[in-house]
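FYI, it's all coordinate maths here, none of it is from the lab. The shown structure was predicted, so the numbers you read here are calculated from the model rather than taken from an experiment. Heads up, the Cβs are rebuilt from the backbone with ideal geometry, glycines too, and the neighbour counts pull from every protein chain shown.
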Amino acid sequence: MPGKATRGRRATMAEIAAAAGVSVPTVSKVVNGRPDVAPATRHTIEELLRTHGYRPPRGRQNSNVGLIDLVFVDLGSPWAMEILAGVEEVAYRAGSAVVVSAVHGRHRTRPDERWLQNLAARRSDGVLLVLSELSPGQQARLEELDVPVVIVDPAGTPAPGIPAVGATNWAGGLAATEHLLGLGHRRVAVIGGPTDVLCSRARVDGYRAAMGAAGVSVPPGYVRFGDFLSPTGYRETMALLDLPEPPTAIFVCADQMALGAYEALYERGMRVPDDMSIVGFDDLDEARWAVPPLTTVRQPLTEMAGMATRMLFSLISGEELDTTRVELATPLVVRASTARHAS
């Protein structure tokens with residue numbers, strides 16, 4: 001027997017789902033006429049919808065508004081501009097506009113409640129979250145509004161049912177470290193990004209795996225963490241140089257931090273790669289024009305953004321996705337910032 005939804009007012013999709021003992025996405029499929037629901041489940045949901053007079057939220061019953069939301073943790077980086085370029089290209093071809101915003105509030109990777117209120121008011125067709133995540137309450141509210149979500153480079157493990165597009169961060173970290181080990185370096189340090197961001201942890205884990213496989217120990221102080229931005233690359237490189245036995249090579253888990261590492265080394269009168277080999281991660285345009293050009297792991301940011309946007313438009317159109325988890329390859333791009341260690 002299905003449970004009881006709230007009476008005396010229009011029921012929400014979440015209440016219908018709770019009464020039927022199913023998920024909100026299952027109710028959404030029935031509301032939108034999707035065929036992939038078991039007949040008995042469909043019958044139960046349809047009865048509850050009729051009994052409680054459910055109506056879809058205003059503005060989403062007949063047509064889409066031609067608007068999607070794109071939410072960043074940080075808008076001021078070249079990394080963000082590459083993501084935006086990939087989203088905008090696909091959205092333009094689909095005839096949709098893009099509303100761009102940044103995360104505000106106490107939680108560094110989670111949009112605040114005002115953003116959710118604004119999104120509901122403008123009735124966006126879908127949401128792309130970049131290096132962000134949703135609280136359970138925010139996810140439930142978006143499901144009630146029937147607003148699909150796709151995450152690009154998720155900050156944490158996405159909740160079941162939320163599609164995500166990322167990169168092979170662990171493999172990229174492994175390749176970067178193996179490259180330095182292959183050049184004869186044994187004192188190899190790493191500067192990761194934020195510890196609460198999934199891709200950052202995966203890159204550092206790749207580093208640890210390569211060091212372990214080579215039988216090379218990681219000295220105390222060789223694993224540092226920043227925030228993907230240049231100042232922390234500078235700060236953590238200075239800390240590494242002040243160690244009793246500094247490294248001869250550093251895997252820096254973001255190109256912007258790697259440029260900060262360059263600055264620290266030049267301040268200390270050290271040359272790249274003669275005195276220190278550096279590998280970055282991202283392959284931003286700046287990596288090619290650095291002096292010397294930066295060896296880095298290419299993260300296909302524009303392609304990731306384009307794929308996520310296409311997935312979002314498929315969901316907006318009511319289509320089933322072939323997969324909800326996609327990881328694109330991260331090849332190593334060797335330039336002039338790494339050299340064989342003179343032993």
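Of note:
- Potential extension, GLU89-VAL291 segment - 0.36 nm per residue separation minus Cα distance: 69.6 nm
- Relative to the longest principal axis of the Cα atoms of the chain, the long axis of helix 230-241 lies at roughly 40 degrees.
- Charge sum, other residues only, whose C-beta stays under 14 Å from ALA214's C-beta, Lys/Arg counted +1 and Asp/Glu -1: +2
- Nearest 10 degrees, 0 to 90: helix 169-182 Cα axis against the chain principal axis: 10 degrees
- Using distinct alpha-carbon pairs, which all enter the 1/r mean, Kirkwood radius of the chain in Å: 21.9 Å
- Relative contact order, percent, the chain [alpha-carbon distance under 8 Å, six or more residues apart]: 16 percent
- Per-residue HN-Hα couplings for segment 205-213 [Karplus 6.51, -1.76, 1.60; θ = phi - 60°; Hz; x = Gly/Pro]: 5, x, 4, 4, 5, 5, 5, x, 5
- For the pair ARG340 and SER101, the difference between a 0.36 nm per residue extended length and the Cα-Cα distance amounts to 81.6 nm.
- Taking Cβ atoms as reference points and 14 Å as the exclusive limit, the residues near MET238 contribute a net charge of -1, counting Lys and Arg as +1 and Asp and Glu as -1.
- Projected area averaged over orientations for segment 169-300, convex hull of C-alpha atoms, nm²: 7.0 nm²
- Highest-first arrangement of 271-280, 321-330, where packing means the average Cβ count within 10 Å: 271-280, 321-330
- Residue ranges 16-23, 38-45 sort as 16-23, 38-45 when ordered by packing (mean number of other C-beta atoms within 10 Å per residue, highest first).
- Count Lys and Arg as plus one, Asp and Glu as minus one, and take only other residues whose Cβ is under 15 Å from that of TYR92; the net charge is then -1.
- For VAL99, nonlocal amide neighbours, meaning residues 5 or more places apart or on other chains whose placed amide H falls under 5 Å from its own, are ILE68, ASP69, LEU70.
- Residues with amide H under 5 Å from that of ALA249, placed H, sequence gap 5 or more: ALA189, SER277
- Between 0 and 90 degrees, the angle of helix 78-93 with respect to the longest Cα principal axis of the chain falls at about 40 degrees.
- Remark on LEU229: its backbone amide H falls under 5 Å from none of the residues 5 or more positions apart or on other chains, H modelled at 1.01 Å from N.
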